[in-house]
Amino acid sequence: MLDWNKINTVLLDMDGTLLDLNFDNHFWLEFIPECYALKNQLTITQATDILLPLFKSMEGKLEWYCLDYWSGILNLDIAGLKAEISGLINVLPHVTEFLNALKVTDKKVFLVTNAHRNSLSIKMEKPCLQPFFDEIICSHDYAFAKEHQEFWQAFQNQHGWNKQTTLMVDDSLAVLQSAKTFGAGSRYFCESLFWASQPKQAAKT
Ligand SMILES: [Mg+2]
């Protein structure tokens, strides 16, 4: 079990960790192909055949998370379309209780996300998550996604959190591996990563 007495900083991912991924899956895999098909007079199948390889080619890169990038490539108002269906954004079970419990401790809580700032503001709005965080960190501000060592180095340099006493929770294996590489040798950081690979189970405790 995680010893919370030894944790003084908590780094929480947003999509898939605090928020249900159904929104993003629906948005990128169904809603955007529909919009793209309509705009370009294609069938949805034709649009999907064009879009999926495009999405795949950018996975793990900062552009993958950049609404401006996709607006330019697809000639669609991606931020506007996200706002249009923002009613589908949902917090995962037990997340609010978990954040409330953290809030009454003296632990510093960071939201650390690859999401674009425009996407972030849409996603923070409806579930009212912003007050739970001491700081919100967007990897775009450092010009590297969380999958890259450069992000972790720049983030730690700026905020000075201690690997020995920091818990990180994320649903992406690639991000967890990147953070683990950065924190290699740190007992608690690695333990936290193990815990973080089971966020739903941990959130219930
Ligand atoms: Mg995530």
Segment 22-87: relative contact order in percent, alpha carbon pairs under 8 Å with at least 6 residues between: 21 percent
Using a Förster distance of 30 Å, the FRET efficiency for Asn75-Arg117 (Cβ separation, nearest 0.05): 0.90
Between 0 and 90°, nearest 10: helix 173-182 axis offset from the chain longest Cα axis: 40 degrees
Magnitude of the charge dipole, the chain, Cβ model with Lys/Arg +1 and Asp/Glu -1, debye to 20: 520 debye
FRET efficiency, Gln156 to Asp134 (Cβ-Cβ, R0 22 Å, nearest 0.05): 0.90
Dipole magnitude of segment 22-87 about its Cα centre (Cβ charges: Lys, Arg +1; Asp, Glu -1), debye to nearest 20: 80 debye
Value of [θ]222 nm, deg cm²/dmol, for the chain, DSSP H segments ≥ 4, -39500 (n - 2.57) each, nearest 500: -13000 deg cm²/dmol
Residue-wise HN-Hα coupling along segment 33-45, computed from phi with Karplus coefficients 6.51, -1.76, 1.60 (Hz; x: Gly, Pro): x, 5, 5, 5, 4, 4, 5, 10, 6, 10, 7, 5, 5
Peptides ranked, highest mean first, by Cβ atoms within 10 Å: ranges 166-178, 24-36: 166-178, 24-36
Leu88-Lys39 pseudo-label distance in nm [points 7 Å out on the Cα-to-Cβ vector]: 1.7 nm
Förster-model FRET efficiency, 22 Å R0, Ala143 and Leu173, C-beta, rounded to 0.05: 0.45
Shape category assigned to segment 22-87 from the gyration tensor of Cα positions, a/c cut at 1.5: rounded
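Throughout, read-outs are computed from the coordinates displayed, never taken from laboratory work. Here the structure is a predicted model, which is why all the values come from computation and not from measurement. As a convention, Cβ positions derive from the backbone with ideal geometry for all residues, glycine included, and neighbour counts pool all protein chains shown.
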